[in-house]
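Participant: Take a look at this one; I'll ask things after.
The values are calculated or read from the model by the stated rules, or taken from the named source; none is laboratory data. For clarity, every value in this text was computed on a predicted model and none was experimentally measured. Reconstructed Cβ throughout: ideal geometry from the backbone, glycine too, with neighbour counts over all protein chains shown. What goes into the accessible areas is simple: the full protein's heavy atoms, side chains included, and nothing from ligands, DNA or RNA. Shrake-Rupley method; radii C 1.70, N 1.55, O 1.52, S 1.80 Å.
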Amino acid sequence: MSCDICQRAHHQKRLPFFCAVDARNELYEGRLANARILMEAEELESRVTKLLSNTDGSTGPMTDRSSRAYIENCASEEHKAKARTERIIASADKLREEMAAARKEIEERKASIAQKKSDISAASQGTAVRRNREIEETKKAVKMSKYTWDREYDAMTQYRAALCMEVAKLYRLQRVRRGNPVRFEYKIGGLDIIDLHNMNNAQPELMSASLAHITHLLWLTSHYLSVRLPAEITLPHNDYPRPTIFSLQSSYHHGDVAFPGTSLLPPDPQDRQFAHVPHPRPLFIDRPLSTLAKEDPQAYGSFLEAVCLLAYDVVWLCRTQGVPVGDNSNISTLEDFACLGRNLYNLLINSSHLRNPQQIADTPTPSQANGGSNPAAELGRTGLRMGLYSHGTAHTFLGSAAGNELTRSFKMPTNSIARLVDKLKAKLVRENPVPEWELLEDDAWTPDDALDDGVLVGGTPGKGLPGAPGHRFGIESYMSVNTVRSGSSGDQNPRVPYGGGVSGATVSGRDREKDRERERGTSGWTKVKPR
């Protein structure tokens, strides 16, 4: 094919074309190859479309045994069936192995059970004999332990009683026989022990010293016996120079308390723990009892309550240690509490003399007397003695049922202490002799209103001073403020009664003579009415 422009025929090996025809001729071979490929692709697409349309119909390749798809599907199902069969066979083998192991274990257990049965049958022969022997040995060991425990505790009670008696001897607690008929007086530290009903005639210093000795001795005794007294005792210590005692309700339920007459300063005034601070009762006085009752009734009542609580502690300790005091079944009379010296002597000295260590050693033990049943209670019943019951040991504990039996009829409620104080106060008032004459001090002669609304008039400058010549207690002349304001003036040192106006300040000569006679006859004593 020649070019329309250059009229030159196309040749592949010639030089490049020079016009569009040459270029078109150059592209013919590629275009033909592309057309061939497109035709082949279209043919393939028609074949695939035909196969797909046959698959959707009822007579597809899966149902056609001659189709390749059917053959491949059958081969796949065969492989799946073989794999499932292998898994089933493996599970069956595993179950067989487990069953074999279970059978073997069952056989071993049967053999072990048979061996144990044979061992039990062999060991059961003579079991009752061995059991009885072991029980007897255990009982014997328990009895020996109880016996040793009782003997050790007996020795401890002897040591306690010996300590109490020795400290009483160190304090020189003694009984002195006096007079005819025979009466006994009790002393401690060389001082008489004042009974509660004889406190009216006792000197305050001697009474305070005696109570201090009794308090300290009682505290040491309770410490050696490991017994907590019902009314707590506070001994002198730093910033607390005298002994005191607490009431039954506030004992052992308080913190720091102040000495009677002083007060603690709380760190915070709004702190509520200082709202209810108990007040200890003083076991001392600084003046005679009759004077204290007249000048400070509150301190008088506190002191009587303190000595009653101290006597209650002594009698309670006697009761818990098996020392008889009065009617031992019901101690409620004042006389049983009032004899402090007798009760203290019977507790510390007389009880040890009545029951010496040899008698204590000869007392049968609970295991010997009752076969070892309830040793604490039986020991308390067979040999109640000093130092047996205490709060510091588990053996014969004072807070147990057997220990409570000792104080059950003796325990006094709160109002009984108050009644005891009232009885003691009434007895002291009855026995206190009322003097027919009463000594009046210098201040008693001074009129009550002399310093309130009166002024001293007349007299020499030195006559009104104490110790100066002519000094007269309580009879210095005075006039009321109203009299002074009215302008009236009396003679030198007149005796003017209280009144208003000039008429009240006028004193005649006869009245002056009467005043002088009364002044010469005054000796400081005046007769009072009997009460």
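Participant: Got a number for carbon plus sulfur as a percent of the range 125-229's accessible area, 1.4 Å probe?
Facilitator: The C+S portion of the solvent-accessible surface of the range 125-229 is 53 percent.
Participant: For the range 195-252, how big is the tail of P(r) above 15 Å, as a whole percent of Cα pairs?
Facilitator: 58 percent
Participant: Taking only C-alpha pairs under 8 Å that are 6+ residues apart, what is the relative contact order of the range 170-232 in percent?
Facilitator: Relative contact order of the range 170-232: 23 percent.
Participant: How would you rank 337-347, 91-101, 281-291, highest first, on the average number of other Cβ atoms within 10 Å across their residues?
Facilitator: The packing order, highest mean first, is 337-347, 281-291, 91-101.
Participant: May I pose another question? Please sort 144-155, 164-175 by packing, taking for each peptide the average over its residues of neighbouring beta carbons within 10 angstrom, highest first.
Facilitator: For the peptides 144-155, 164-175, the packing ranking is 164-175, 144-155.
Participant: Based on the Cβ-Cβ distance of ASN432 and THR393, what FRET efficiency does E = 1/(1 + (r/R0)^6) give at R0 = 51 Å, to the nearest 0.05?
Facilitator: Once the sixth-power term is evaluated, E becomes 0.65.
Participant: Also, I was wondering about something else. For a quick protection proxy, order the peptides 123-136, 194-207 by their average other-Cβ count within 10 Å, most packed first.
Facilitator: Put in order of decreasing packing, that is 194-207, 123-136.
Participant: Which FRET efficiency, nearest 0.05, do THR262 and GLU405 yield, Cβ-Cβ r, R0 41 Å?
Facilitator: 0.45
Participant: Would you please give the FRET efficiency between ARG228 and LEU384, computed as 1/(1 + (r/R0)^6) with r the Cβ-Cβ distance and R0 = 22 Å, to the nearest 0.05?
Facilitator: That pair, ARG228 with LEU384, gives E of 0.70.
Participant: Can you tell me the length gained on complete extension of the stretch ILE113 to MET39, counting 0.36 nm per residue apart and subtracting the Cα distance?
Facilitator: Additional length available on full extension: 17.6 nm.
Participant: Expressed as a rounded percentage, what relative contact order does the range 64-196 have, with Cα pairs under 8 Å and six or more residues apart?
Facilitator: 8 percent
Participant: Accessible area per residue, 1.4 Å probe, Å², for the range 152-294: what's the number?
Facilitator: It amounts to 57 Å² per residue over the range 152-294.
Participant: Moving to a separate point now. Defining a contact as two alpha carbons under 8 Å apart and six or more residues distant in sequence, what relative contact order in percent does the range 132-277 show?
Facilitator: 13 percent
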